[in-house]
Structures are given as C-alpha cells and as structure tokens.
Amino acid sequence: MGQNEILNVKHLKTHFFTDEGVVRAVDDVSFTIRKGEALGLVGESGCGKSMTALSILRLVPNPPGKIVGGEILLRGRDLLTLEEKEMRSIRGKEISMIFQEPSTSMNPSFTIGNQMKEVMRYHQRKANNHIDKQVVDILKAVRIPDPDRVLSQYPHQMSGGMLQRVMIAMAISCEPSLLICDEPTTALDVSTQAQIIDLLRLLKAKRETSLLFITHDLGVLSWICDTAAVMYAGTIVEYSDIHTILLNPWHPYTKALIGSTPRLDQDADQLRVIRGQVPNLAHLPSGCRFHPRCEMAQEICRGEAPRLEERDPGHLIACYFA
Ligand SMILES: Nc1ncnc2c1ncn2[C@@H]1O[C@H](COP(=O)(O)OP(=O)(O)O)[C@@H](O)[C@H]1O
Ligand SMILES: [Mg+2]
C-alpha cells in the first residue's frame, strides 16, 4: 500500500445469481482513496455504483448477490477476509455510509436524540452524560441551529435537508476514516444540496475524512471531489483527477455524460441525451460494453473489451480510440 492510502479496492467483482442469469453488477473494479481525499464514482443509474459501495461494507443482499472476487483493503487489511463480528465493529466506526433517502435509514418511532445516542453508545461504551454532550456538539458541527430542540423531534417532523444533516451527524459521530455518500443530495432542492456539500467539504478539510462520493450528477461531483472514476455497466471506463475528467475527458462515455449535464448557460433543448440505455447486466454486449451506444464504435470494439490502461500519468482509460 502506498502512503496515506485508506482504501484500496482491487479487482472487485460482485455478481447477482438470478433466474435470468448472472448479473455482473460490479465486474473487476479497482480504485484507491487517500487520507482526506474525495473520490467521485459517477455514472448513469444501474451501472453498479451502489453495489460497489455496499460491497465495501459487505452489505450486498445475499442471496442473490455475492462478492465473487477481489480485495477491499482498509489500511492494508482485507475486509473480505474478516469475520462478520469484526466487520460489525468497522461499520459505522471506521467506515460510515449515508444514503439518498435519509428517512428510510431512520426509525420513525424514536426521537432523533434516542437514535443518535444509540449509535454512539454502541461504538463507544461511554457514560450517558458524556454522550449527551457529544450529541449536541456533533449536531452543532453539522450546523443544526437548535440542537436541543432537534434531539426531541421525530424524523417526520423534520425537513429532508435537516434529516440529511442528522444522518451526516450520525455518520461522522464516531469519526470514521472513510465516509461513503451514495447520492446524498439527490432528493434535496438545489440550495439545500449546496449546503450539504459545503458541510461535507468542511468535514473533509477539518477532520481529513476520506470520501467515496457517489452521484450521477457531474455538477455535484465538481463541487467536492479530487478524483473521479466513471463507471459504466459494472466497470470503470475512465479514472483521473477531477479536472481532467471534467475538462479533458477522453472516453466517449465520459464525454457523453458531460454533454448531457445541464449548464447554466444552456437552454434545456440544447441538452444532448445519451442515446440508448445501460445494458441489462445479465446480458452484456460483446467487447466494449459501451459500443452499442458509442458514436465512435468500430469493428474492433465488438471484439475483445478494451482494458483500463494508463494513457497519461494518473489518467486511465478503457477505449481503443481515446
Ligand atoms: N437484488 C438484486 N438482484 C438482482 N440484480 C440486482 C439486485 N440489486 C441490484 N442488481 C443489479 O445491479 C445493478 C447495479 O445496481 P446499482 O449498484 O444499484 O446501480 P447504481 O447505484 O449505479 O444505480 C443493477 O443494474 C441491477 O441489475
Ligand atoms: Mg445507486
């Protein structure tokens, strides 16, 4: 492992064994996240982003899902070799995750205060009065204006933005080294979205928390990420620093994604949608998985799949024509 590397995912494969066949949701995915670094995982819906995240926490629904290959090294220790008991002490403590819909991860019948304290007690085994103060501090850290009031509220009494703040507060309460955010702002309005991203940026800068930030929105990606991996149909097709991905992308899929992202200086009718759809991952096209939708596709693209190779220092691309 290189210096400062927190997470090293190597050749990860997570498949679903269904009546329809084997769904290759994550199919040989590798990436690295360093201390205090945010890696964006971007791609259309159904490309395997969430399953990559759930694999890291070993929370893939099994059956029908199963991690069938690869390594997930957290500071050099392969999570795939751990006992479930050891894994439980890593979840929420070393690695936390926040989801798109905060309301689905909260219990509607307990107050925010009760749920937060429960999580913190589980990991810390501290005296109650310590925890009480900690909970208030952490709510202040996520800029909740009136923490004492919020602690006595139930989830349905809060707005989506406030609830997502509480989720972030819970996720960071044990100071994880890695925070996985799976479309954390997708359900929020634009201004709340910006506030949540700001908060995550602050966390990253102040606590040197590493982030795996999942989104289908390249705009959001640019606000927070240092590096980005573009995922298509279970594989990574381009991987580089964020500026290269956004300003000088090489892969036709990355270019198409950027072309389909709304910009302020553009009318809606100028937006180009990517033709076709993400393939069914149980019935993948031959060769390059993107070739049926690619404007540059040639005969060679239907043959063997192009490998993800470093074409420029730190810039990896899987395409014959990039
Ligand atoms: N329970 C399941 N059974 C079968 N296939 C599944 C299941 N869950 C997810 N998948 C498959 O995994 C693929 C990747 O899903 P996901 O990681 O959620 O995509 P993303 O987060 O990029 O939208 C989906 O296209 C779907 O076919
Ligand atoms: Mg998802």
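The values are calculated or read from the model by the stated rules, or taken from the named source; none is laboratory data. Every value quoted in this text rests on a predicted model; they were computed, and no experiment measured them. Here Cβ is always computed from backbone atoms with ideal geometry, including for glycine, and neighbour counts include all displayed protein chains.
Things to note:
- Selection from the range 173-223 of residues that are of a type in the set (V, I, T) and within 20 Å of N4 (Cβ to Cβ): I180, T209
- When I56 is tested against the conditions (1) under 21 Å from I214 (Cβ atoms); (2) touching a Gly at 6+ places or on another chain (Cβ under 7 Å), the lone failure is (2).
- Matching residues in the range 302-311 - criterion: being in contact (Cβ under 8 Å) with a residue 12 or more places away in the chain and closer than 22 Å to N248 by Cα: P306, L308, R311
- S30 vs. criteria surrounded by fewer than 20 Cβ atoms within 10 Å (Cβ to Cβ), outside any strand (DSSP E or B) and touching a His at 6+ places or on another chain (Cβ under 9 Å): no
- Filtered residues of the range 216-252 (kept if within 16 Å of ligand 1 (Cβ to nearest atom) and at pLDDT below 95): H216, D217, L218, V220, L221
- Qualifying residue in the range 55-74 (condition: surrounded by fewer than 19 Cβ atoms within 10 Å (Cβ to Cβ), hydrophobic (A, V, I, L, M, F, W, C) and within 13 Å of the chain's Cα centre (by Cα)): yes
- Restricting the range 2-44 to residues that are within 12 Å of ligand 1 (Cβ to nearest atom) and among the polar types (S, T, N, Q), the residue that is farthest from A229 (Cα to Cα): T18
- D182 among the acidic types (D, E) and free of Cβ contacts under 8 Å to residues at least 24 places away in the same chain: no
- Residue in the range 78-93 that is loosely packed, with under 15 Cβ neighbours inside 10 Å, assigned to a strand (DSSP E or B) and either more than 16 Å from ligand 2 (Cβ to nearest atom) or aromatic (F, W, Y) (or both) present: yes
- Pairing residues of the range 275-290 that are under 14 Å from V23 (Cα atoms) and assigned by TED's automatic domain parsing to the domain that holds I236 with residues that are β-branched (V, I, T) and buried (at least 17 other Cβ atoms within 10 Å of the Cβ), at Cβ distances under 6 Å and at least 6 apart in sequence or on separate chains, gives L281/V23; A282/V23.
- Odd one out for K66, checked against (1) within 16 Å of N8 (Cα to Cα); (2) within 16 Å of ligand 1 (Cβ to nearest atom); (3) basic (K, R): (1)
- M97 away from ligand 2 (no atom under 16 Å from the Cβ) and of a type outside the set (F, W, Y): no
- Within the option set S210, S286, being modelled with pLDDT of 90 or more and within 16 Å of the chain's Cα centre (by Cα) holds for one residue only, S210.
- Pairs meeting the criteria (first residue in the range 46-57 and within 17 Å of G69 (Cα to Cα) and near ligand 1 (Cβ under 6 Å from one of its atoms), second residue outside any helix (DSSP H, G or I) and polar (S, T, N, Q), beta carbons under 7 Å, at least 6 apart or on different chains) are M51/T14.
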